[in-house]
Amino acid sequence: MDALTTIMGSAMRQTAPLAFASCGEYTAERSGTLNISIEGMMLGGAFFGVVGTAVTDTVVGGLVLGSFVGLLVAVVHANFSHRLSANTFVVGLSLNALMLGLTSFLLESTDFSSRRAGVLEIPLLKEIPVLGEALFSNRWPFYLLVVVIPLTRFLVDRTRWGLEVRSVGEDPQAADVTGIDVNKRRRQSLYYCGLMSGLGGAYLSVAEVGLFNQNMVAGGGFLVNAAVIFGAWRLGGTLAGCLLFGTAASVQLALPALGHTITPQLLIALPYVLALATMVAFARRGRQPAALAQPFERGIA
Amino acid sequence: MSAITARIFNAGTARVVALYAASFAVAIFLSGLLVQVTGGSPLDVIRALYEGSLGSPQDIGLTIDESVPVLIVALGVIITSRAGIVNIGPEGQLLIGGLCGAAVSLRLAVPGVAMVPATLLAAAAGGAAWAGIAALLRYWRNVDVVISTLLLNFLAIQLVSFAVNRPYLLQEKLTGGGTASPTSDPIPSDARLPLLGQTGTMTFTSGTIIAVVALVVVGLMVTRSRWGFKLRMLGLNAEAARRAGVRAAALGTGALLLSGAFAGLAGGVVLSDRAFRIQTGFSNNMGFNGLLVALIARRNPWATVPVAILFGILRAGGGFVATTGVPRYVVDVMQALIVLAALFPPLVDKVNERRRAMRIARDEAAATAASSATPTLEVAR
Amino acid sequence: MFGPVSLMPDIAVEPTPAGAAPAIEMRGITKRFGAVAACDEVELCVEPGEIHGLLGQNGAGKSTLMKVLLGLMTPDSGHIRLHGEPVVISDPIDAAKHGMAMVHQHFSLVEALTVWENVALGDVGRLDPKATAQLVRDVGERYGLAVDPHARVRDLTTGERQRVELIKCLRRDPSILILDEPTSVLTRAESQELFAVLRTVVKDESRAVVLISHKLDEILHATDEVTIMRGGRVVRRARTADTTAESLATDMVGRTIDLGLDAVAALGFAAETVEELADEEHDDHAADRTILRVEDLHAVNEVGTPLLRGLSLTVRAGEILGLAGVEGNGQSALTAVLSDLLVPTTGSVHVGDEAVATGKAGAMVAAGIGVIPEDRHRTGCILDLSVAENLAFLDLEQVSGRLFLDRNEMRRRAEALVEEYEVSLPSLDAPMRMLSGGNQQKVVLARELTRNPRVLVAEQPTHGLDVGAVQFMNSRLRAAAEAGIGVLLISTELEELIALSDRIAVIHGGRIMGEMPAHQVDVEKLGLMMGGRAA
């Protein structure tokens, strides 16, 4: 196996959890929520993914419980932010701290041993040079992306729900006049974000690593925020962002082994720099949802 | 003054206090429950928290030391949030502040007496510059401050990591061989803040003095000065402010720079008071904690003090909790729950306020419809 | 030339084609707010297959009547029949079920979405892009409303956006279509296109259209029949063909505007003020001491729709210039320019002999222009600041030292002003939010006047105030003029303007149509100019 194949494979593994969560965050941001609690959702998903796997003795159980815990975090966040109109950043930061504290606490005070999802190799396709190994020889939950990505696209772009979600992120006042419950759509989008981020976290622990480490998401949640910005609020661009960030991470991991001494800090910083650069390039053109991060309260004026 | 007392002791006060008490009780109860179900003793944890933070003069000193940077950061955030700007980047600004402070104290030949001021000034300037990037992007390219300050946090970590991994930059120089760690050399003793005094085991650090001065200055400036008034006008009603001659870009940039400067200063204080070295874990959530303190204090600079002390207690006592056999992370859980609990009472107020506003709006709509019909009826005979 | 016009509805001219029940039949609709009737025994009868104009000034009761029809308000008495069936309409959704659709004055489109997505928004059921796009094309073709279903609304012109609004309504196949001032933002060509569409809608499909408008040309050209409302009552109903612009104007404005003392008193002046007024010689101000000169102002909104189209006017020191006009003709834009909130594309503003830099924060205030804005919550005051702070925020240097505010001075000043302007409030430290509308307005007035401005712009200053507050405001404005301030009074209420002003200018479509001395108002001419006809 040559270096390139190794890096490609590793890049895929680094990308997958981000990709799951970014499908959720993409949806939430389209509805107008700049959700910074993905980190907490993913951590919850990762830890309880292990718990679910241990308890049910199946990987599926872990993925389901992980997603569910991500959803729980989202329920708290959504109801604080889009029902009680609490400052979404205070809520998001607190939830991150809460989940980091809670998972670290539970890791030390409980004992769950997980199992790891098996590798599923797709015959023939796996033989494709360079890419085959990376794409078609993965832990089986990896292939859930094949469902989740089109599902997200379908939900946001093709359903009435998605249309309403987008209208709520762009012009909540007009949406309200048209008879759409703005905050309800925003809550629902966050729930979807929670499910997906929890799944991403559970994928990380149950499928890739096989156990939970303290703070194992390590800023990945914020990378997802950066990916959505990098992708200029398009699903394709967002996923491309995840892939780029995942690749940067895998290159950084692989470089020492390959004997290179490229600056790892630059590689890690790359996602954030790129996201900022995209903002600088596109901010004037208004690519971001017009009502992003603006709480909605029905006109009192 | 009677007006202020009246505002504090109005009819709703008891209700507000009760609400806060109930919210915090729920937060603490939930944390206790967590400890209980994992086989620990909640009472032991509370006792340890108390012992570790307030139990002895020494611990009180530690609590104050933990509160100081959080308070300084919060004061800076108060400035931006009063101007209606969401700066969620104090963590990065604090790191860059520490980095700049370390760079100046380690690399510049500043005469001894000027060393401490130079270090602190460099830290403040570094934090300001880091926040200045967000201001520049905002007023030049209309980039959302929330997004830029969020992203700049992560760039700051990498910048520090870069610097402390390069021997030609700030990485430590080992005299006796071995592998250099990704951390800087300790700053020279000239650059360290003097210990002010010691009573028994309790030490007073000059960082405390800096925090108190910052509190008084920021508190007076934002609540009493003409500048502070303009900040508030900008934050509450940009259009009315504009008519009154407030230039949003200039004032907003100034607010962001100052906010960053305070975060940077907090980094400088941590550096020259306690940490003495810069490394990636240097900021240790102090920036985010300061941000939360400011947001809980709801733009009131004086209210940051009790909240910052509460955070200081949890930060200081947290280290002590481990002695009970319960993982110290329970403190992080408790802290997060307390923050969420602190959100509740204002929200109850807000909901009431909204109901009242709706009622007034409805009455006025009816009155408008009525009065606009009046003159025509009377005159056109 | 014109016969006397009765205030009673002219029911005699009501034509009902044999066999067909009227599409809308509103009988004896009364809606009271307190002692005042916004709608008083109003009758409206709209036949299928006709465009029915509803003409009237602001506050004539048009919108109340439509709110009743759409189920947004419950009438105190009266009943409604649709196509002969008695109905009770509970809310807009119910109204839609009865086949009514309304195009609102302000667009409700989401700019970032495409045309077909906007058309689909608010529906229920499965989203079908192809079918919806086809629907947009079909409806567009049928009515000549060509618009690309896949275009983004943000890229469309105002006229095209109006088409989308219409398609949104028409696709629901309403039997009754209500348009609220649909042409207020359209160009001439765009309005003509709109009327061609409406013609098709009624002629070929026998729908009923209600066109709410204040534009005489529009009513004359586009409608078959017209109901004219004034002061909550129907003053006339006629076949449009039997009317002229002049008669419509007179009916809309009211032909007998009496400027006797009674009328002034009715507007709420105290007796002594009235006497002062009566003594006063209006030509005192004739000496040309121009204090405010606005020249050739052009301004556009964010999407490029013109708000001001070459507006010029002058106000002399010591006079009240009344600016008449129907809402939405550039009044707010003018106020915004004079408040530094809107940067004009061209044009100049002079106070005295000095040019004021337009669009520079604080420049207008520094030049001595005081403003009582229409929407005091948005720009007139800061709701979360205290009353004392609101009274001081334009004069911070007067209540502060080099660095710090002098709270005591601020309070002293506020106490004096509160007393002088009779503001009733719980406490000087109470947030502005806690005050009633009338008291908020007094605070704004006090703040602006205490600065001794050279010019005072008052936009709808008595809007939403009770009688006592109206009286107070009007006497203060008059006193301000007497003190030598040039007052620009912007109002949609003619009686108020005539009672207070020295001269009256008329604004329409972002420019001044003409002016006349207030003591020799030609009502017909005024009505024509307000309706967009040069007189």
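The values are calculated or read from the model by the stated rules, or taken from the named source; none is laboratory data. In this text, all values refer to a predicted model and were calculated from it rather than measured experimentally. Using ideal geometry, Cβ is built from the backbone for each residue, glycine included, and neighbour counts are taken over all protein chains shown.
Rundown of residues vs (1) assigned to a loop (DSSP other than H, G, I, E, B); (2) within 14 Å of chain C (Cβ to nearest Cβ), yes/no style:
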{"residue": "B:GLU239", "(1), (2)": "no, yes"}
{"residue": "B:GLY245", "(1), (2)": "yes, yes"}
{"residue": "B:GLY260", "(1), (2)": "no, no"}
{"residue": "B:ALA266", "(1), (2)": "no, no"}
{"residue": "B:VAL270", "(1), (2)": "no, no"}
{"residue": "B:ARG274", "(1), (2)": "no, no"}
{"residue": "B:LEU292", "(1), (2)": "no, no"}
{"residue": "B:ARG298", "(1), (2)": "yes, yes"}
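Within the range C:367-382, restricting attention to residues that are in a loop (DSSP other than H, G, I, E, B) and farther than 26 Å from B:VAL222 by Cβ, which residue is modelled with the highest pLDDT? Step through it out loud before you land on a result.
Quick first cut of the range C:367-382, residues in a loop (DSSP other than H, G, I, E, B) only: C:368, C:373-375, C:381-382.
Adding the requirement that they be farther than 26 Å from B:VAL222 by Cβ leaves C:368, C:373-375.
Details: C:GLY368: 95, C:PRO373: 92, C:GLU374: 86, C:ASP375: 81.
Filtering the range C:367-382 for residues that are in a loop (DSSP other than H, G, I, E, B) and farther than 26 Å from B:VAL222 by Cβ, the one modelled with the highest pLDDT comes out as C:GLY368.
Against the conditions (1) acidic (Asp, Glu); (2) within 28 Å of the chain's Cα centre (by Cα); (3) in a loop (DSSP other than H, G, I, E, B); (4) more than 10 Å from chain A (Cβ to nearest Cβ), where does C:GLU111 fall short? Just the number, please.
Unmet for C:GLU111, out of (1) acidic (Asp, Glu); (2) within 28 Å of the chain's Cα centre (by Cα); (3) in a loop (DSSP other than H, G, I, E, B); (4) more than 10 Å from chain A (Cβ to nearest Cβ): (4).
Just for helices (runs of 4 or more DSSP H) wholly inside the range C:383-458: which have at least 3 residues that are of a type outside the set (S, T, N, Q) and under 21 Å from B:LEU231 (Cα atoms)? Let's see the steps before the verdict.
Working: elements: C:387-392, C:407-420, C:437-450.
Qualifying helices (runs of 4 or more DSSP H): C:387-392, C:407-420.
Filter the range C:338-366 for residues that are over 16 Å from C:ASP296 (Cβ atoms), surrounded by 15 or more Cβ atoms within 10 Å (Cβ to Cβ), within 13 Å of chain B (Cβ to nearest Cβ) and in contact (Cβ under 8 Å) with a residue 12 or more places away in the chain and give the result.
C:SER339, C:ASP340, C:LEU341, C:ALA361, C:GLY362, C:ALA363, C:MET364, C:VAL365
Keeping to the range A:244-269, report how many residues are within 12 Å of A:ILE7 (Cα to Cα), more than 14 Å from every other protein chain (Cβ to nearest Cβ) and either under 14 Å from the mean Cα position of the chain (by Cα) or touching a residue at least 12 places away in the same chain (Cβ under 8 Å) (or both).
Residues meeting the conditions: 7.
Report yes if A:PHE105 is touching a residue at least 24 places away in the same chain (Cβ under 8 Å) and out of contact with any Gly (no Cβ under 9 Å at 6 or more places or on another chain), otherwise no.
Numbers: touching a residue at least 24 places away in the same chain (Cβ under 8 Å): no; out of contact with any Gly (no Cβ under 9 Å at 6 or more places or on another chain): yes.
Judged against the criteria, A:PHE105 is not a match.
Conditions (1) hydrophobic (A, V, I, L, M, F, W, C); (2) closer than 16 Å to C:GLY325 by Cα; (3) touching a helix residue (DSSP H, G or I) at 6+ places or on another chain (Cβ under 6 Å), marked per residue:
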position: C:ALA481; (1), (2), (3): yes, no, no
position: C:SER501; (1), (2), (3): no, yes, yes
position: C:HIS508; (1), (2), (3): no, yes, no
position: C:ASP522; (1), (2), (3): no, yes, no
position: C:GLY527; (1), (2), (3): no, yes, yes
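Looking only at residues that are buried (at least 24 other Cβ atoms within 10 Å of the Cβ) and of a type in the set (Val, Ile, Thr) in the range A:63-90, which one is farthest from the other protein chains (Cβ to nearest Cβ)?
A:VAL69
Can you give me the number of residues within the range B:130-151 that are surrounded by 20 or more Cβ atoms within 10 Å (Cβ to Cβ), basic (Lys, Arg) and facing chain A (nearest Cβ under 7 Å)?
Of the residues in the range B:130-151, 0 are surrounded by 20 or more Cβ atoms within 10 Å (Cβ to Cβ), basic (Lys, Arg) and facing chain A (nearest Cβ under 7 Å).
In the range A:170-185, which residue that is within 10 Å of another protein chain (Cβ to nearest Cβ) and surrounded by fewer than 18 Cβ atoms within 10 Å (Cβ to Cβ) is farthest from A:ALA78 (Cα to Cα)? Step through it out loud before you land on a result.
Start the filter on the range A:170-185 by keeping residues that are within 10 Å of another protein chain (Cβ to nearest Cβ), which leaves A:170-180.
Those left that are additionally surrounded by fewer than 18 Cβ atoms within 10 Å (Cβ to Cβ): A:173, A:177, A:179.
Values: A:GLN173: 19, A:VAL177: 22, A:GLY179: 21 Å.
Of everything passing the filter in the range A:170-185, A:VAL177 is farthest from A:ALA78 (Cα to Cα).
Test B:PRO346 against the criterion of being more than 8 Å from chain A (Cβ to nearest Cβ), of a type outside the set (A, V, I, L, M) and without any contact (Cβ under 8 Å) to a residue 60 or more places away in the chain, and give yes or no.
Numbers: more than 8 Å from chain A (Cβ to nearest Cβ): yes; of a type outside the set (A, V, I, L, M): yes; without any contact (Cβ under 8 Å) to a residue 60 or more places away in the chain: yes.
Here the answer is yes, as B:PRO346 does meet what is asked.
For the range C:325-354, how many residues meet the condition of being over 14 Å from C:THR305 (Cβ atoms) and polar (S, T, N, Q)?
5
Pull up the range A:139-169, narrow it to residues that are among the hydroxyl-bearing types (Ser, Thr, Tyr) and within 20 Å of A:CYS242 (Cα to Cα), then point me to the one that is farthest from the other protein chains (Cβ to nearest Cβ).
Of all residues in the range A:139-169, those among the hydroxyl-bearing types (Ser, Thr, Tyr) come to A:143, A:152, A:159, A:167.
Next, from what is left, pick out any that are within 20 Å of A:CYS242 (Cα to Cα): A:143, A:152.
Numbers: A:TYR143: 28, A:THR152: 16 Å.
Of everything passing the filter in the range A:139-169, A:TYR143 is farthest from the other protein chains (Cβ to nearest Cβ).
Only one of these conditions is not met by B:GLY40: (1) buried (at least 20 other Cβ atoms within 10 Å of the Cβ); (2) in a helix (DSSP H, G or I); (3) not aromatic (Phe, Trp, Tyr). Which number is it?
For B:GLY40, the exception is condition (2).
In the range C:144-196, what residues are touching a Lys or Arg at 6+ places or on another chain (Cβ under 9 Å) and of a type in the set (S, T, N, Q)?
Result: C:SER175, C:THR183, C:SER184, C:SER191.
Identify all residues within the range C:494-504 that are surrounded by 24 or more Cβ atoms within 10 Å (Cβ to Cβ), not hydroxyl-bearing (Ser, Thr, Tyr) and not in a helix (DSSP H, G or I); write none if there are none.
Listed by number, the list holds a single entry, C:ILE504.
Could you check, for the range A:116-123, whether at least one of its residues is more than 7 Å from chain B (Cβ to nearest Cβ) and at pLDDT 85 or above?
Within the range A:116-123, the subset more than 7 Å from chain B (Cβ to nearest Cβ) is A:116-123.
Filter again for at pLDDT 85 or above, leaving none.
Looking for residues that are more than 7 Å from chain B (Cβ to nearest Cβ) and at pLDDT 85 or above, one finds none in the range A:116-123, hence no.
Have a look at C:ALA287, C:ALA324 and point out the one that is of a type in the set (A, V, I, L, M), surrounded by 15 or more Cβ atoms within 10 Å (Cβ to Cβ), within 30 Å of C:ASP353 (Cα to Cα) and modelled with pLDDT under 95.
Values: C:ALA287 fails: surrounded by 15 or more Cβ atoms within 10 Å (Cβ to Cβ).
Of the residues listed, the single one that is of a type in the set (A, V, I, L, M), surrounded by 15 or more Cβ atoms within 10 Å (Cβ to Cβ), within 30 Å of C:ASP353 (Cα to Cα) and modelled with pLDDT under 95 is C:ALA324.
So, C:HIS79, is that one more than 13 Å from chain A (Cβ to nearest Cβ) and under 21 Å from C:SER175 (Cα atoms) or not?
On the way: more than 13 Å from chain A (Cβ to nearest Cβ): yes; under 21 Å from C:SER175 (Cα atoms): yes.
Against the criterion (more than 13 Å from chain A (Cβ to nearest Cβ) and under 21 Å from C:SER175 (Cα atoms)), C:HIS79 qualifies.
Output the number of the condition that A:ALA232 fails; it satisfies all remaining conditions of (1) away from chain B (no Cβ under 11 Å); (2) over 29 Å from A:VAL59 (Cβ atoms); (3) out of contact with any helix residue (DSSP H, G or I) (no Cβ under 6 Å at 6 or more places or on another chain).
Single failed check for A:ALA232: (3).
Can you confirm whether A:GLY220 is closer than 17 Å to A:ALA290 by Cα and either more than 14 Å from chain C (Cβ to nearest Cβ) or of a type in the set (Phe, Trp, Tyr) (or both)? Lay out the reasoning, then the answer.
Working: closer than 17 Å to A:ALA290 by Cα: no; either more than 14 Å from chain C (Cβ to nearest Cβ) or of a type in the set (Phe, Trp, Tyr) (or both): yes.
Against the criterion (closer than 17 Å to A:ALA290 by Cα and either more than 14 Å from chain C (Cβ to nearest Cβ) or of a type in the set (Phe, Trp, Tyr) (or both)), A:GLY220 does not qualify.
Restricting attention to the range C:311-360, which residues are within 23 Å of C:THR450 (Cβ to Cβ) and touching an Asp or Glu at 6+ places or on another chain (Cβ under 6 Å)?
C:GLU319, C:ILE320, C:THR335, C:LEU341
Of the residues that sit in the range C:367-412 and are surrounded by fewer than 16 Cβ atoms within 10 Å (Cβ to Cβ) and within 16 Å of B:ALA238 (Cα to Cα), which one is farthest from the other protein chains (Cβ to nearest Cβ)?
Among those residues, the one meeting the criterion is C:ASP375.
For the structure I just gave you, tell me whether B:VAL77 is modelled with pLDDT under 95 and not polar (S, T, N, Q). Give the steps one after another, and end with the answer.
Numbers: modelled with pLDDT under 95: no; not polar (S, T, N, Q): yes.
Spelling it out, it is not the case that B:VAL77 is modelled with pLDDT under 95 and not polar (S, T, N, Q).
Hey, can you tell me all the residues within the range A:19-40 that are within 14 Å of chain B (Cβ to nearest Cβ) and under 16 Å from the mean Cα position of the chain (by Cα)? Give the steps one after another, and end with the answer.
The initial filter retains those residues of the range A:19-40 that are within 14 Å of chain B (Cβ to nearest Cβ), namely A:25, A:29, A:32-40.
A:GLU25, A:GLU29, A:THR33, A:LEU34, A:ASN35, A:ILE36, A:SER37, A:ILE38, A:GLU39, A:GLY40 - these are the residues of the range A:19-40 that are within 14 Å of chain B (Cβ to nearest Cβ) and under 16 Å from the mean Cα position of the chain (by Cα).
Search the range C:72-92 for residues that are touching a residue at least 12 places away in the same chain (Cβ under 8 Å) and in a strand (DSSP E or B) and pair each with any residue that is buried (at least 16 other Cβ atoms within 10 Å of the Cβ) and among the hydroxyl-bearing types (Ser, Thr, Tyr) when their beta-carbon atoms are under 6 Å apart and the residues are at least 6 apart or on different chains.
Taking only residues 6 or more apart or on different chains, the pairs are C:SER77/C:THR30; C:GLY78/C:THR30.
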